[in-house]
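Here's the structure we're looking at; comments come further down.
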Amino acid sequence: MRVTDIVRQKKRSNRVSIFLDGAFAFGLNDETAFNHGLRTGLELDENQIARMLEEDQRKRAKDAALHYLSFRPRTVKEVRDKLREKDYEEEIVQETIVLLKRLGLLDDRDFADRWIAERLRLKPRGRRLLFVELTKKGIARETAEEALSTAFENKDERTLAADLLRKRAARYGKGEPRQAFRKMHDFLVRKGFDFEVAREVAEERMREDGACL
């Protein structure tokens, strides 16, 4: 098979269309075309074409992953799922993950540390809910636990819960004492605090408000 034409694609300027024996055959990214010395008149066999297409898939998978990562940090699972969604072969998906890890662009522990810090800064919540959020994103249970232990080394969950409840007291602290207590307790549980922490903090809030259960 002979390369009869190489045409720049209009919609994707970093790719070219390869024509063999006068007919369109396949598209390639510039890097792959250059690496294989493609030019009009070049003779290609099926093995050469297969190698070029595989290399092109690797480059496309890497570019797709980098584009996905450009918006915000991602977990390994998120990137893997995105590449699978685009129907890349499993071998290429795994190779891309390994490459991104080696480049330091994919790190689940770093993601977990950042996620926890951001959550505690903007939307405070308890360890339990943070753990659920991390594992839903594909973070290994052990990694999530380690990140949470580090994050809460110098943080007291009761203080965090009390501060959060203080901001919401006007909403949950009204009404009959037992009803107000239950609202505050349930609010803290929904925010990921343990039942015991929620109970103690809600009781303390009731005492501060001069209410008796």
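No lab work stands behind these numbers, since they all come straight from the coordinates. Since we're looking at a predicted model, the values are computed, not measured. In this analysis, Cβ positions are derived from the backbone assuming ideal geometry, glycine residues included, and neighbour counts consider all displayed protein chains.
Brief remarks on what is shown
- Computed over the chain: relative contact order in percent, which uses C-alpha pairs under 8 Å that are six or more apart: 13 percent
- With a cut-off of 14 Å between beta carbons, the residues surrounding Gly22 carry a summed charge of -1, where Lys and Arg count +1 and Asp and Glu -1.
- The residues packed around Arg121, meaning those with a beta-carbon under 14 Å from its beta-carbon, carry a net charge of +2 if Lys and Arg are +1 and Asp and Glu are -1.
- Net +/- balance of residues flanking Glu85 in space, Cβ distance below 14 Å, scoring K and R +1, D and E -1: +2
- Cα-based shape type of the range 94-213, given that a ≥ b ≥ c are square roots of the gyration tensor eigenvalues and the cut on a/c is 1.5: prolate
- Diffusion coefficient (Stokes-Einstein, Kirkwood radius over C-alpha pairs, 20 °C, 1.002 mPa s) for the chain: 100 µm²/s, rounded to a whole number.
- Computed label-point distance, nm, for sites Asp21 and Arg158 using a 7 Å Cα→Cβ extension: 8.1 nm
- 15 Å Cα cut-off, lysine pairs counted over the range 55-106 (separation 8 or more, or different chains): 6
- Shape category assigned to the range 1-104 from the gyration tensor of Cα positions, a/c cut at 1.5: prolate
- Normalised contact order of the range 108-150, rounded percent, pairs of Cα under 8 Å and 6 or more residues apart: 56 percent
- MRE, 222 nm, helices only [DSSP H, n ≥ 4, -39500 (n - 2.57), over the chain, to nearest 500]: -20000 deg cm²/dmol
- In terms of its C-alpha gyration tensor, the range 106-155 has a rounded overall shape, because the principal axis ratio a/c (a ≥ b ≥ c, square roots of the eigenvalues) stays below 1.5.
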